[in-house]
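Comments concern the structure below.
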Amino acid sequence: MPNTDTTQAAGVLGAFLRDWRQNIIYIGFIAIFVVFALTLNDRGFLNPNNLLNIIRQTAMIAVMAIAMTFVLSAGEIDLSVGAVAGLASVTVAMAIAVAGPFAGILAGLATGIAIGTFNGWLTTKIGIPSFLTTLAMMGIAKGIAMWISGTSAIPILSQSYAWWFGGGSIGPIPVLLFWILIFGAVGHVVLRRTGFGRRVLATGGGEQAAAYSGINTAKIKFRVLVISSTAAALAGMFYAGRLQSGRFQLGEGDELSVIAAAVLGGTSLFGGKGTVIGTIVGALMIGLINNGLILMGLEFSQQLIARGGIIILAVALSQKKA
């Protein structure tokens with residue numbers, strides 16, 4: 001008689017391959033990892049320190065992308081996350097210098113909540129599309145960060161803060177990995193196992209139908225925008241802890257990588273579909289690509305072309321209809 005475990009494993013593998021477009025992020029991640037491992041092993045790609053550095057460099061993108069999954073799933077978008085991260089890094093550093101690490105944590109979180117509340121209010125109460133609201137906020141947040149910091153880096157004066165928020169390690173494992181796992185677990189459970197998550201997906205899947213079913217879609221959109229800005233502020237706090245300074249440049253351009261990570265992972269730009277686990281893998285895939293291209297010795301312009309091409313290919317394969 002055939003082995004039951006073998007039969008079940010074969011069935012799971014068969015289902016995985018039949019739905020390859022839905023699983024393209026996992027297939028792509030494995031394929032790119034294997035290619036880099038074979039071609040760049042002599043340049044230290046498989047060195048444990050290099051692999052852990054990928055996690056350190058990707059953690060902030062992953063945290064923001066998890067929140068962006070909720071925003072996109074609700075049919076909205078947030079282009080201000082990178083600038084909010086930079087502003088939060090500055091407010092954290094300044095608050096720590098004046099009143100200590102606890103005040104810095106509160107200042108960073110307050111920055112994200114305040115900006116998210118403003119974005120949500122403009123989008124849901126005034127009726128400005130989130131694309132325009134957050135595009136304007138990108139400039140506002142960056143301008144405020146430059147103004148209050150005088151365009152200078154503000155040092156983090158608390159070693160305990162720096163350890164917990166990005167700079168520390170437990171043995172060889174960076175603390176940032178544990179933050180990714182915590183946010184990933186919470187985000188996955190909330191999106192898939194709670195009423196709020198189901199309302200987010202329903203709002204993005206069809207706002208009018210969701211409203212007819214009794215869902216307060218404006219409230220859902222307001223909340224996901226607050227969540228997004230708060231997560232961006234946390235990413236800024238991690239940047240500040242890892243680099244031991246707050247700078248307005250931190251997070252610059254991250255919004256593109258954040259959105260790409262979510263879409264690569266299977267979240268729809270048009271709402272109604274999202275997956276937190278896929279988003280985390282998407283963020284790690286972007287970090288993997290960046291690391292491999294650097295080890296290849298490509299010029300920055302060539303890295304941009306190669307990275308963009310790989311991302312476009314992966315998204316196109318996942319979106320193509322059978």
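Here, each number is a calculation from the coordinates, and none is a lab measurement. Source: prediction; values computed, not measured. Neighbour counts run over all protein chains shown; Cβ positions are idealised from the backbone, glycine included.
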Original post:
Rounded to two decimals, what is Rg over Rh for segment 45-319 when you use alpha-carbon atoms and the Kirkwood radius?
Top reply: 0.97
Original post:
Using a Förster distance of 30 Å, how high is the FRET efficiency between Thr194 and Thr117, based on the Cβ-Cβ distance and rounded to 0.05?
Top reply: 0.85
Subject >> CD proxy at 222 nm, helix term only [per DSSP H run n ≥ 4: -39500 (n - 2.57); per residue of the chain; nearest 500] >> reply: -24500 deg cm²/dmol
Original post:
Could you put Leu51, Leu201 in order, starting from the residue whose Cβ has the fewest other Cβ atoms within 10 Å?
Top reply: Leu51, Leu201
Subject >> Inverse mean reciprocal Cα-Cα distance (Kirkwood Rh) of segment 37-170, Å >> reply: 16.9 Å
Subject >> Under Karplus coefficients 6.51, -1.76 and 1.60, residue-wise ³J(HN,Hα) of segment 145-159 in Hz, glycine/proline x >> reply: 4, 5, 5, 6, 9, x, 6, 9, 6, 9, x, 7, 9, 10, 5
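Within 10 Å of each residue's Cβ, count the other Cβ atoms and sort Arg223, Arg198, Arg193 from fewest upward.
In increasing order of surrounding Cβ atoms, one gets Arg193, Arg198, Arg223.
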Subject >> Estimated inter-spin distance, Ala185 and Ala211, nm [label 7 Å along Cα→Cβ] >> reply: 3.9 nm
